[in-house]
Structures are given as structure tokens and as C-alpha cells.
1. I'm trying to understand the selection: among the residues of segment 106-129, which are within 16 Å of Ala60 (Cβ to Cβ), surrounded by 11 or more Cβ atoms within 10 Å (Cβ to Cβ) and touching a residue at least 60 places away in the same chain (Cβ under 8 Å)?
2. Which of the residues spanning segment 88-105 are exposed (fewer than 13 other Cβ atoms within 10 Å of the Cβ) and among the β-branched types (Val, Ile, Thr)?
3. Taking the residues in segment 61-81 that are among the aliphatic types (A, V, I, L, M) and in a loop (DSSP other than H, G, I, E, B) as candidates, determine which candidate is surrounded by the most Cβ atoms within 10 Å (Cβ to Cβ).
4. Evaluate the following for Ile95: is it over 25 Å from Pro24 (Cβ atoms), of a type in the set (A, V, I, L, M, F, W, C), in a helix (DSSP H, G or I) and modelled with pLDDT under 80?
5. Given the criteria surrounded by 13 or more Cβ atoms within 10 Å (Cβ to Cβ), at pLDDT below 90 and either aliphatic (A, V, I, L, M) or at positive phi (or both), does Leu34 qualify?
6. Checking Val68 against (1) at negative phi; (2) modelled with pLDDT under 85; (3) of a type outside the set (S, T, N, Q), which single condition isn't satisfied?
7. In segment 1-60, which residues are part of a loop (DSSP other than H, G, I, E, B) and in contact (Cβ under 8 Å) with a residue 60 or more places away in the chain?
8. So which residues in segment 1-47 are within 20 Å of Leu109 (Cα to Cα), touching an Asp or Glu at 6+ places or on another chain (Cβ under 9 Å) and among the aliphatic types (A, V, I, L, M)?
Amino acid sequence: MDLELAKSWLDKATGEARTVIGNPSKVDEILIQLEEKLKEVPAIGETLSNLPTMIAMIKAWVTKEYTVVSPKVIACLVGAVLYLLKKNDLISDSIPVIGIADDLAVLGLALKLSDPELEAFKKWRAGRA
């Protein structure tokens, strides 16, 4: 890969991102597009496609824009994110493939357990659009 070309593309994308960040509906649109893109990932895509929804729902809950979801569900999802970010987890991230597998398993489980709430949030978000 050409590093200069990659840097040029990243600079352009960063400029576009600056205009998107100030527009909450555009951010929601991008998260929805990311959900669709993640569905294409073999084997784990369907589960991971809820990751942008999870992020949006946590943010909406924290800002009190969406409060229908149980605090237990929010705690479960944030706990999974914290586990993912944690340096000392069950299997060290320094071990290729397997190291990230436990992180994805915990995140996947949290997403699966929260699926009804995530689907309700999607419907709520779609109704606002």
C-alpha cells in the first residue's frame, strides 16, 4: 500500500468527518450505514452489525434522549465495552487471533442478550428520521 496515497485519502476523509460531526442526523445515518457494512463480515457480521446501534443507544441513554431501555441493559453493554478495552482480560490480546476472540465473545454475548432492546431502539430511531 502506498503510504502517501493512504495519507491523502485519510486527510480527505478527515475533512469530510468534520462536517459530519456537527450534524447529529448525519452521524446517525453513518452509524446505520456501518451496521449494514458490518453485516457483510463472514460469521460474526450479523452480531457485530449491532455495534453502531449499541453505541448510539448508550449515547442516547446517557444524554437522556432515549430512556426506555433498562439501566441493567446499558450496564451490560458498557461492561462489555470496558472488557474489550481492558488490558488484562481472560486471554491476552497479544496472542494473535485468540487474544481478540474472547473480547469479541463477551461483546457478542452482550449484544445478543440486548437484542430486543437494540431492535426497539432501531425502531425508535427510524421513527425520528
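1. Matches in segment 106-129: Ser114, Glu117, Leu118, Phe121, Lys122, Arg125.
2. Matches in segment 88-105: Ile95, Val97, Ile98.
3. Val69
4. No; evaluated as a whole, the condition is false for this residue.
5. Here the answer is yes, as Leu34 does meet what is asked.
6. Just one mismatch for Val68, condition (2).
7. Ile44, Asn50
8. Leu38
The values are calculated or read from the model by the stated rules, or taken from the named source; none is laboratory data. Since we're looking at a predicted model, the values are computed, not measured. Here the Cβ is made from the backbone with ideal geometry for all residues, glycine too, and neighbour counts use every protein chain on show.
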